[in-house]
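> This is the structure I want to talk about, given as structure tokens.
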Amino acid sequence: MAITTAAVTLTSDLLSDNMSVSASTTCMKAGTTADGLDQIEYAIVEIATGDQYDLICSTPTASKGSKLYVKNHSIDETYYVEIMIDAQAIGRLYAGDWMFIPADFHDANADVEITALNGTNKIEYALLHEGTALIAS
Amino acid sequence: MATTTATITLSSTDLLSDELALSTTATLTGASNSTGITNTEGLARKTLASGHAEYVLFDGASYTAAKAHKLYLKNTSTDAGQSFKITINGEELGLLFAGDWAFFPWSAHDNDCDIKIDPSADSMTLEYMLFTD
């Protein structure tokens, strides 16, 4: 079993007390503690403005324990990508931002869609998953 | 100006032939500017003592649309079979299993863009924090 660990640390001086929150999880298959996610798609792409694209071109198995990491490598603070799932806006990933979500691709329409705004955005992503439906050649 | 950072580390020594050691830090700023994010709600915990119906965690109508809000969530459960279903305006984002966390941008693009949680069992606890622009 592959062991992949995802850890986060949030720090801030927004409050009167300095904040530091940390969490770490081992990326497991859905509903298990014994079997880690053992497949990955890891890539970097340049997304031009003008169109909405499916970030993940394959079809991961639905309702599993998949985890999706996305980072916007843009430097210009006005550049961002709009992240959508099945045409529902999730949020804007601005230059330098990253996100990490459970992505369960719960039905055939639940694609992760991405649109670049204000310029070509360089996007890094990693999908840890339990399997995908490969396209027959 | 307040400085808020978010760091992720993804690591594995046996997933690929080469070690995976990905780490990056983002400084959270406002939409299309370099000013540090200025507001936060949390850190907070919520336990749904009985019943496990869907629950509104954040109401889209209460936050300015099209900004750089960021949300952190963690399922504190230790039972591998327990998960929170996370939805935004009814669209399922994913299942947050025991011990898992998530961090993502939220655009709150209209009044219907609520973030809802639906625990799979009674007495589950969610830890969360919202940074708002």
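Computed from the coordinates by the stated procedures, all read-outs in this text should not be read as laboratory data. All figures in this text were calculated on a predicted structure; none of them were measured in a lab. Cβ coordinates were reconstructed from backbone atoms using ideal geometry, including for glycine residues, and neighbour counts include every protein chain displayed.
> Taking just the alpha carbons, could you work out the radius of gyration and Dmax for the protein assembly as shown, both in angstroms?
Here Rg and the maximum Cα pair distance are 17.4, 59 Å.
> Same structure again: Across the residues of B:10-21, average count of Cβ atoms on other protein chains within 10 Å?
Numbers: counts 12, 6, 12, 4, 6, 12, 4, 0, 0, 0, 7, 0.
The mean count of partner-chain Cβ atoms within 10 Å per residue comes to 5.
> Here is a follow-up. Does the stretch A:9-137 classify as rounded, prolate or oblate by the C-alpha gyration tensor (a ≥ b ≥ c root eigenvalues; a/c under 1.5 gives rounded; else a/b over b/c gives prolate, otherwise oblate)?
Numbers: a/c = 2.12, a/b = 1.11, b/c = 1.91.
Oblate.
> Could you tell me which of the pairs A:Lys67/A:Lys122; A:Lys64/B:Lys67; A:Lys122/B:Lys74 are separated by over 24 angstrom between their Cα atoms in the structure shown? Don't skip to the answer; put the middle values down first.
Working: A:Lys67/A:Lys122 20 Å; A:Lys64/B:Lys67 30 Å; A:Lys122/B:Lys74 28 Å.
Those over the limit are A:Lys64/B:Lys67; A:Lys122/B:Lys74.
> Within 10 Å of each residue's Cβ, count the other Cβ atoms and sort B:Glu92, B:Glu54, A:Glu77 from fewest upward.
Details: B:Glu92 22, B:Glu54 13, A:Glu77 17.
Least to most surrounded, the residues fall as B:Glu54, A:Glu77, B:Glu92.
> What is the Cα centroid distance between the stretch B:55-116 and the stretch A:1-40, reported in whole angstrom?
Here the answer is 16 Å between Cα centres.
> Per 0.36 nm of contour for each residue apart, how much would the distance between B:Thr76 and B:Ser34 grow if the chain were fully extended, relative to their Cα-Cα spacing?
Details: separation 42, 0.36 × 42 = 15.12 nm, distance 3.31 nm.
Gain in length upon complete extension: 11.8 nm.
> Let me ask something else. Please state the relative contact order of chain B as a whole percent: Cα pairs under 8 Å, 6+ residues apart?
Numbers: 309 pairs, mean separation 43.1, N = 133.
Computed value for chain B: 32 percent relative contact order.
> For labels at A:Asp13 and A:Thr78 in the simple 7 Å Cα→Cβ model, what's the distance in nm?
Going by the 7 Å Cα→Cβ label model, 3.0 nm.
> While we're here: Calculate the FRET efficiency for A:Ala34 and B:Tyr55 from the Cβ-Cβ distance with a Förster distance of 30 Å, rounded to the nearest 0.05.
Details: r = 30 Å, r/R0 = 1.01.
Result of the calculation: an efficiency of 0.50.
> Output the peptides B:20-28, A:113-121 sorted from most to least packed, where packing is the average of other Cβ atoms within 10 Å over each peptide's residues. Show your work: numbers first, answer last.
Values: B:20-28: 15.8, A:113-121: 18.4.
Descending packing order for the listed peptides: A:113-121, B:20-28.
> Give the average, rounded to an integer, of partner chain Cβ atoms located within 10 angstrom of each Cβ in B:105-112.
Numbers: counts 15, 6, 9, 2, 7, 1, 0, 1.
Averaged over the peptide's residues, the number is 5.
> A further question follows. Let me check against my output: what whole-number percent is the relative contact order of the stretch A:1-113, with C-alpha pairs under 8 Å and at least 6 apart?
On the way: 181 pairs, mean separation 25.1, N = 113.
That works out to 22 percent.
> Let me confirm one metric for peptide B:22-31, namely the mean number of other chain beta-carbon atoms within 10 Å of its residues' beta-carbons. Don't jump to the answer; show the numbers that get you there.
Values: counts 7, 1, 7, 4, 9, 2, 6, 5, 2, 5.
Partner Cβ neighbours, averaged per residue: 5.
> For a bin width of 10 Å, list the pair-distance distribution of the stretch B:28-132 built from all Cα-Cα distances, rounded to whole %.
Histogram of Cα-Cα distances, whole percents per bin: 15, 47, 29, 8, 1.
> What order do you get for B:Tyr63, A:Tyr94, A:Tyr42 when you list them from fewest to most C-beta neighbours inside 10 Å?
Lowest to highest Cβ neighbour count: A:Tyr42, B:Tyr63, A:Tyr94.
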